[in-house]
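The values are calculated or read from the model by the stated rules, or taken from the named source; none is laboratory data. Computed from a prediction, not measured in an experiment: that's the story for all the values here. For neighbour counting, all protein chains shown are included, and Cβ atoms are generated from backbone atoms with ideal geometry for every residue, glycine included.
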Amino acid sequence: MRLLSALPRQLSALVLVLLMASTALAQPAQPTADTRSLLPVPTTVRWGTATLKPRTTLRPQFQGPPDSATSAAVTRTLARLGLTAPIKNQSATTLPLQINYGKVGRPEQFDEERYSLRVTPTGITIDAPTTLGVLHALATLEQLPQREGRNMVLPEVDIQDQPRFAWRGLLIDVARHFMPVAVIKRNLDAMAAVKLNVLHWHLSDDQGFRVESKTLPRLHEVSGQYYTQAQVREVLRYAAARGIRVLPEFDVPGHTIAWQAAYPQLASGDTLYKTVYQSWRLANVAFDPTKETTYKLLDTLFGEMTALFSDPYFHIGGDENDGRQWRGNPHIMAFAKAKKMLKPDGKTLDKHALQTYFNRRVLTILTKYNKQMVGWDEILGPGLPKNAVIQSWRGKKGLYDAAKAGNRAILSNGYYLDLYLSAANAYGTDPLPVDNPLSVAQQRLIMGGEATMWSEFADSVIVDSRIWPRAAAVAERLWSAREVTSTPDMYRRLATVSRQLEGLGLQHRRAPEQLLRQLAGPTDVGPLRTLAQVLEPVKEYKRHFQGFTYTPSTPLNRLVDAAPAESDVARDFNCRVDSLMGATGALADRGSVFTMIATRRNAVAMRQQLQTWQANHSKLIPRLGSSPTLTEYAPLSAALSAAAALGLERLALLEKQQKPEAEWQAAALKQLDALNKPAGQTELAVLPAIRRLVELK
Ligand code: ACM
């Protein structure tokens, strides 16, 4: 930028224009550190100018107590980088990969995760206090390769890095849709790649109890699909070898129809459930908290499960019990009255008091088994012991209230992947922004956060596409410094990580594409892909209320399931509109030459894109008409075509430097509003950007 200011004014404007044109999608107003492809951004990075030669092989050398998981991780990294010794290649040079660590790290003990990584032309050195740091250094190393001619090379670099938060999690709900071990394992690989370190395994809910229980076998028997205890141990080993701890969740006292189908004596209500719940509606059932048999059963089960799961933390849920079953049961109300758990009116149940009683009983059980209790923010309130950890999902208030009350806390509100909100939305959610209301001591109680993948609308086939790459934006928010906030730069690196994850075996791009091919049947998949790429499922919880009642057995194989959670194509188009607005606004006073240069590249790309969309509908009509599962999407396909036509009209005026007639503009906007109607639980993600284009004065 200093160079620019030294140039003559006219020339510098031209340079600026060309820069903008050449980096069409970057935002020139936000310079960022050169972080290349690293995600999460490390604490400090000093790039050199040299590279480690291509056709090098690396010979690992360890200094530290022997650890088979760490040496296996090194072998994996070298294989992924293609730096293992070739079978037959005499020309390869061998350089040292020196790995120094103090001790074997235990994630569940919050052992240190920091590391330094130095790449020079003569070799690579990793230094870390624990093997956890070594694993993170390897994850960073795997993101370093950059293209040099026809080769991928490792650039010279010196990195010092440590996480901002110690708890960086991903919740996977395996109760609503069961996720086989292979799904969990590949997601653990992805977590390790972006330095997430807690798998929160949501193992039970109304729709299923997913772990084999040897003491209470009806729990898994009524659920059908479950993990054997051997499989659980296999997952725990796999996670531990990647520096990831596993937090099991057994959600009580609500979300427990599956338990009640197995053991009806747990119920507060008089409904007898013969099977696990076959609906997604909030059931508001809860255990009977007054019966000693309830705690006896929980003691038996938790005795077994606390031994199976090695992490010192144990999640007991506690969410979404509105107390209606308790209020409706005279025996429970009598208990509450005797224990003075009524509101001041002397009649109404103080639901919180009764649930706190339940929580304290559960806490006593967990304490006996040396576990620390974690629960959703509903469990916070008077009487909750200070050693319970609160996971805040309903808002940030729960997070801060927990810390103010002296409880440790984890943030999930803002990181709900199942709501189909953008990566930018999650990225902008900081557990501790500068203006947080906590004292320094209270801030220390904020352990971090967790992205959550609730699986009502995600089965084992498409779940990766609902988690990735957006969870990586959460990973960066929780690892990198608070000041790392450039959203365009995050998206640039997210695209690279997305490709990296595919190489690790994640199905987030492959599975939707496969589904599209099935839906396209014998026809060319191209037009269907063009439509799907600009659709997004309707946001938040709207999918439950769009004229289609889903149940656990509804197949997730419609166009909505192939649509991305966040449309890259729509976002790119929106960035082009931004660039266009920047060019027409900032440079308008510099005359038509500059404006033309700035907009030309964008305009060409936008015209091509809009033409493709406009023409797409007629190509898709035959398939939309012949496939019953696709017919409901015909209005969206037509709307895309019509909206694109309006965008093209506005673009043509722009290119001719003509202002739109006010009447044309008003009519066009009205038409766009009319086109903005969801169908098949999806909406056209590109409509807002086309609207902004049409709105340009
Ligand atoms: C939750 O989403 N009910 C924790």
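Out of segment 440-457, which residues are away from the ligand (no atom under 16 Å from the Cβ) and either closer than 16 Å to I390 by Cβ or assigned to a strand (DSSP E or B) (or both)? Explain how you work it out, then say what you get.
In the first step, residues of segment 440-457 are kept if they are away from the ligand (no atom under 16 Å from the Cβ); the result is 440-448.
Matches in segment 440-457: Q442, Q443, R444, L445, I446, M447, G448.
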| request: Considering only segment 282-303, state which residues are touching a residue at least 60 places away in the same chain (Cβ under 8 Å) and of a type outside the set (S, T, Y). | output: A283, V285, F287, P289, L297, L298, D299, L301, F302, G303
| query | Are any of the residues in segment 332-352 surrounded by fewer than 17 Cβ atoms within 10 Å (Cβ to Cβ), assigned to a helix (DSSP H, G or I), in contact (Cβ under 8 Å) with a residue 12 or more places away in the chain and away from the ligand (no atom under 16 Å from the Cβ)? | reply | no
| task | From the list Y420, Y415, pick out the single residue that is buried (at least 22 other Cβ atoms within 10 Å of the Cβ), touching a Lys or Arg at 6+ places or on another chain (Cβ under 6 Å) and closer than 20 Å to E456 by Cβ. | result | Y420
| field | Hits in segment 624-637 (condition: buried (at least 21 other Cβ atoms within 10 Å of the Cβ), touching a helix residue (DSSP H, G or I) at 6+ places or on another chain (Cβ under 6 Å) and part of a helix (DSSP H, G or I)) | value | L624, L630, S637
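Of A405, A471, A409, which residue is in contact with a strand residue (DSSP E or B) (Cβ under 6 Å, 6 or more places away or on another chain) and within 23 Å of K371 (Cα to Cα)? I'd like the intermediate steps shown before the answer.
Values: A405 fails: in contact with a strand residue (DSSP E or B) (Cβ under 6 Å, 6 or more places away or on another chain); A471 fails: within 23 Å of K371 (Cα to Cα).
Exactly one of A405, A471, A409 is in contact with a strand residue (DSSP E or B) (Cβ under 6 Å, 6 or more places away or on another chain) and within 23 Å of K371 (Cα to Cα), namely A409.
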| Are any residues in segment 611-645 of a type in the set (S, T, N, Q) and within 17 Å of R558 (Cα to Cα), and if so, which ones? | S626, S627, T629, T631, S637
| note | Filtering segment 402-439 down to residues that are away from the ligand (no atom under 15 Å from the Cβ), more than 20 Å from P488 (Cα to Cα) and without any contact (Cβ under 8 Å) to a residue 24 or more places away in the chain yields D435, S439
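Kindly check whether there is at least one residue in segment 472-494 that is within 16 Å of the ligand (Cβ to nearest atom), crowded, with 23+ Cβ neighbours inside 10 Å and among the small types (G, A, S).
Looking for residues that are within 16 Å of the ligand (Cβ to nearest atom), crowded, with 23+ Cβ neighbours inside 10 Å and among the small types (G, A, S), one finds none in segment 472-494, hence no.
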| said: Can you find a residue that is part of a loop (DSSP other than H, G, I, E, B) and among the charged types (D, E, K, R) anywhere in segment 225-240? | reply: no
| message | Given the criteria buried (at least 23 other Cβ atoms within 10 Å of the Cβ) and either more than 16 Å from the ligand (Cβ to nearest atom) or under 26 Å from the mean Cα position of the chain (by Cα) (or both), does W259 qualify? | response | yes
| said: If I go through segment 654-697 residue by residue, how many of them are within 39 Å of the chain's Cα centre (by Cα) and either modelled with pLDDT under 95 or not hydrophobic (A, V, I, L, M, F, W, C) (or both)? | reply: 18
| message | Among the numbered criteria (1) under 26 Å from L199 (Cβ atoms); (2) in contact with a Leu (Cβ under 7 Å, 6 or more places away or on another chain); (3) more than 14 Å from the ligand (Cβ to nearest atom), which one does H315 miss? | response | (3)
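Of these, V235, V285, V276, which one is surrounded by 15 or more Cβ atoms within 10 Å (Cβ to Cβ) and within 16 Å of the ligand (Cβ to nearest atom)? Walk me through it before giving the result.
Numbers: V235 fails: within 16 Å of the ligand (Cβ to nearest atom); V276 fails: within 16 Å of the ligand (Cβ to nearest atom).
Only one candidate passes the filter, namely V285.
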| note | Note on T228: of the conditions (1) under 25 Å from the mean Cα position of the chain (by Cα); (2) without any contact (Cβ under 8 Å) to a residue 60 or more places away in the chain, unmet is (1)
| field | Odd one out for Q355, checked against (1) more than 15 Å from the ligand (Cβ to nearest atom); (2) within 20 Å of K291 (Cβ to Cβ); (3) in a helix (DSSP H, G or I); (4) not aromatic (F, W, Y) | value | (1)
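Does G398 count as within 30 Å of T364 (Cα to Cα), small (G, A, S) and within 14 Å of the ligand (Cβ to nearest atom)? If you could, list the steps in order and put the result at the bottom.
Working: within 30 Å of T364 (Cα to Cα): yes; small (G, A, S): yes; within 14 Å of the ligand (Cβ to nearest atom): yes.
It is true that G398 is within 30 Å of T364 (Cα to Cα), small (G, A, S) and within 14 Å of the ligand (Cβ to nearest atom).
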| said: Cβ-Cβ under 8 Å, sequence separation 6+ or interchain: first residue in segment 362-386 and more than 20 Å from T290 (Cα to Cα), partner of a type in the set (F, W, Y) and within 15 Å of the ligand (Cβ to nearest atom). Which pairs? | reply: W376/W393; D377/W393
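With in contact with an Asp or Glu (Cβ under 9 Å, 6 or more places away or on another chain) and of a type outside the set (G, A, S) as the only criterion, which of P312, P330, P289, P264 stands out? Step through it out loud before you land on a result.
Numbers: P330 fails: in contact with an Asp or Glu (Cβ under 9 Å, 6 or more places away or on another chain); P289 fails: in contact with an Asp or Glu (Cβ under 9 Å, 6 or more places away or on another chain); P264 fails: in contact with an Asp or Glu (Cβ under 9 Å, 6 or more places away or on another chain).
Selected residue: P312, the only one of P312, P330, P289, P264 that is in contact with an Asp or Glu (Cβ under 9 Å, 6 or more places away or on another chain) and of a type outside the set (G, A, S).
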| query | Which members of segment 573-617 meet the condition of being assigned to a helix (DSSP H, G or I), crowded, with 16+ Cβ neighbours inside 10 Å and at pLDDT below 80? | reply | G582, A583, T584, A586, R590, F594, T595, I597, A598, T599
| Quick one: how many residues across segment 440-457 are under 20 Å from V174 (Cβ atoms) and in contact with a Leu (Cβ under 9 Å, 6 or more places away or on another chain)? | 6
| request: Return yes when K371 is surrounded by fewer than 24 Cβ atoms within 10 Å (Cβ to Cβ) and within 16 Å of the ligand (Cβ to nearest atom) and no when it is not. | output: no
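Show me the strands (runs of 3 or more DSSP E) found entirely inside segment 50-148 where at least 3 residues are modelled with pLDDT under 95. Write out each step before concluding.
Numbers: elements: 56-63, 93-103, 115-120, 123-130, 146-148.
Fully inside segment 50-148 and qualifying: 56-63, 93-103, 146-148.
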| query | Counting only residues that are surrounded by fewer than 24 Cβ atoms within 10 Å (Cβ to Cβ) and either in contact with a strand residue (DSSP E or B) (Cβ under 8 Å, 6 or more places away or on another chain) or free of Cβ contacts under 8 Å to residues at least 12 places away in the same chain (or both), which one in segment 204-218 is farthest from L135 (Cα to Cα)? | reply | P217
| Is it the case that V474 is modelled with pLDDT of 95 or more, among the hydrophobic types (A, V, I, L, M, F, W, C), in a loop (DSSP other than H, G, I, E, B) and more than 30 Å from P382 (Cβ to Cβ)? | no
| Do you know which residues across segment 307-331 are surrounded by fewer than 13 Cβ atoms within 10 Å (Cβ to Cβ) and either among the basic types (K, R) or at pLDDT below 95 (or both)? | none
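Looking at segment 381-389, can you tell me whether even one residue there is within 28 Å of F314 (Cβ to Cβ) and assigned to a helix (DSSP H, G or I)?
First, the residues of segment 381-389 that are within 28 Å of F314 (Cβ to Cβ): 381-389.
Checking the rest, the ones that are also assigned to a helix (DSSP H, G or I) come to none.
No: zero hits.
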| What is the number of the single condition among (1) over 30 Å from R623 (Cα atoms); (2) touching a Leu at 6+ places or on another chain (Cβ under 9 Å) that G503 does not meet? | (2)
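Please work out which residue is nearest to E566 (Cα to Cα), limiting yourself to segment 479-513 and to residues that are in a loop (DSSP other than H, G, I, E, B) and among the aliphatic types (A, V, I, L, M).
Per the criteria, the residue is L506.
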